Each structure stands twice: as structure tokens, then as C-alpha cells.
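A short write-up of the structure that comes next.
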Amino acid sequence: MKPIITAFERSPDGGQGLARDTRVRWAFEEVGQPYNVRLVSFSAMKEPAHKAVHPFGQIPTYEEGDLALFESGAIVFHIAERHRGLLPVEANARARAITWIFAALNTVEPPILDRATTWISERKEPWCEQRLRLADDRIRGRLDDLSARLGNADWLDGEFSAGDLMMVSVLLRLRSSRILDEYPNLSAYVARGEGRPAYQRAFAAQLATNAGKPPA
Ligand code: GTB
């Protein structure tokens, strides 16, 4: 039985791959596991049927038999645990890869999300420019350290892992801000992630859903 995930019926980004189903699709593609997608509208997301799976009425979700999951991090981790290809077998290397999943979601993504929320919800406010500058400085603080840690390596800790998948997914959200351009090694890291055939397939799949539909 193929797992079923949920995605936006019409993504607000018009198919740029920024919604969080893309990272889940990418994980499936990396491990070679087929999956089905159920598209949901914004209103359906808030209905009891969807909220029974996702308490906060969001996407993505994951369902397989009796198991229902929400939170993209938990879903990617679950896929990585169940299938070979996204987590090292050696115990310490595996623990470090999992640490990078958490670092992406808990340490790097929050200031990036803060910037996105400011831009989406507060851009008409007179103080928005100032707020964005503050958000950018917080992001730079994280990127300075991430860039130093990555150095000239291809991936964060040895072979490509679910930690890299999550970190690249989080950094992709920065593209429109140009901040990433200030960090050539991080820009190259993101490009390496996007260049992976599994990412390309995931991106194409979400684009196929949104092609021809104007951004919501
Ligand atoms: N922490 C959760 C996770 O990682 O799964 C967050 C889930 C989440 O934020 N889901 C969003 C959602 O369902 C979609 S991905 N929003 C609808 C709602 O809350 O009512 C976030 C997202 C949405 C749109 C863009 N975009 O258009 O650029 C990018 C990212």
C-alpha cells in the first residue's frame, strides 16, 4: 500500500516548491518509495476530517494503514527510518544526521520563517522595512555559522542525508531575499541539493499540480 500525503490543491507559491510537501516528496524520491497525494483546499484543511490527521489544519500529512503523521520533520524522519538511503547505518553518524534535521527545523528555519511572515503579513506596515532588516540580521547570524561549518564540504556530515535534505529545503525559502547570494558555499550547497535527480522529480511533481493555476 502506498503512503498518502497531502498537499495544497493550489499552492500560494504557484509551484515554486516552497510548500512543505516538497521536502516530503523529495524524501520519498531519494529512497525510491512511491506515494500518492491527496490535494486539499484551504477550507478543507480546517474541516474535522483533515484536523483528525493534522490537529493544526495544515499540510503536509502522511497516512499509511493505521499510521497518521503530521509535521514535515516527523514525516521525513519516518521515511528515512523506514527506508535505506537517507540516514547512515553507523549509529553515531546516524545520530549526527538526525541532529542536522533538528538544527534545520529548530535553529535555521525560525528566523527564515519570521522574515517570510513579516513579508507576507506585515509588508504594508510603516515599520516593515526596519523589521525586515532585523530579521535579515538574525538570518545572517545563522548563515555565518552554517557557512563556517559547511566550509568546502559537499554536505554537512559526510554523505548526503536527511539532514541535508531538510537544511536545503529550509534554505530554499531564502531565494527571493538574495541573502543566500552572500554565502557562495551555501548557495552552491543549495544548488547541489536542487540538482539531485530525486529533488528534480519531487519539484516536477508538485509543479504538475500547480501548473496553469495562478498563485493563490
Ligand atoms: N511545522 C509544520 C511542518 O513542518 O509540517 C508547518 C506546516 C505548515 O506551515 N504548513 C503550511 C500550511 O498548511 C503549508 S507549508 N498552511 C496553511 C495554513 O496554515 O492554514 C508553508 C508554506 C506555505 C506557502 C508557501 N509559499 O507559498 O511560498 C511556502 C510555505
Name the lysines eligible as straight-distance cross-link partners of Lys213: C-alpha to C-alpha under 23 Å, and not fewer than 8 places from it in the same chain. Lys46
Loop-located chymotrypsin sites (Phe, Trp or Tyr not before Pro) in region 104-173, at most 12 other Cβ atoms within 10 Å (DSSP): Trp127
Take the alpha carbon atoms of region 96-138, find their center, do the same for region 185-199, and report the distance between the two centers in whole angstrom. 21 Å
I want the local charge near Glu64. Using Cβ-Cβ distances under 11 Å, sum +1 for each Lys or Arg and -1 for each Asp or Glu among the other residues. 0
Which residue fluctuates most in the GNM of the chain (Cα springs below 10 Å): Glu47, Glu29, Glu63? Glu47
Hey, can you grab everything whose amide H is under 5 Å from the amide H of Val37? Only 5+ residues off in sequence or another chain; H modelled, so Pro and N-termini drop out. Ile5
Accessible carbon and sulfur surface of the chain relative to its total accessible area, %, 1.4 Å: 52 percent
Helix-derived mean residue ellipticity, 222 nm - over the chain, DSSP H n ≥ 4, -39500 (n - 2.57), to 500: -16500 deg cm²/dmol
Go from 0 up to the bin containing the longest alpha carbon distance in region 33-94, width 10 Å each, and give me the % of pairs per bin. 20, 45, 24, 10, 1
Which aspartates and glutamates, if any, have their Cα less than 12 Å from the Cα of Lys2, not counting same-chain residues under 8 positions apart? Glu63, Glu64
A student applying the Cα gyration tensor rule (rounded when a/c is under 1.5; otherwise prolate if a/b is larger than b/c, oblate if not) would label region 91-196 prolate
Summing +1 for each Lys or Arg and -1 for each Asp or Glu, what net charge is found among the other residues whose Cβ lies under 13 Å from the Cβ of Arg192? -3
For region 91-196, report the accessible area per residue in Å² (1.4 Å probe, heavy atoms, rounded to an integer). 53 Å²
First select every other residue whose beta carbon is under 14 angstrom from the beta carbon of Arg149; then total the charges, Lys and Arg +1, Asp and Glu -1. -3
Residues with amide H under 5 Å from that of Gly17, placed H, sequence gap 5 or more: none
If I build a Gaussian network model for the chain, linking alpha-carbon pairs within less than 10 angstrom, which residue out of Tyr35, Tyr189, Tyr199 has the largest mean-square fluctuation? Tyr35
Can you work out the accessible area per residue across region 1-50, with the rest of the protein chains kept in place, probe 1.4 Å, in square angstrom? 45 Å²
Most mobile of Ala52, Ala135, Ala162 in a GNM of the chain (Cα contacts under 10 Å): Ala52
Fraction in percent of alpha-carbon pairs per bin - 5 Å, the chain: 1, 7, 14, 18, 19, 18, 12, 7, 3, 1, 0
Rounded to the nearest 0.05, what FRET efficiency is calculated for Asp13 and Arg82 with R0 set to 41 Å and r the Cβ-Cβ distance? 0.90
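The values are calculated or read from the model by the stated rules, or taken from the named source; none is laboratory data. What you see is a predicted model, and the numbers here were worked out from it, not measured in a lab. Positions of Cβ are generated from backbone atoms using ideal geometry, with glycine treated the same way; all protein chains shown enter the neighbour counts. Just the protein is used for accessible areas: all its heavy atoms, side chains included, with ligands, DNA and RNA removed. Shrake-Rupley method; radii C 1.70, N 1.55, O 1.52, S 1.80 Å.
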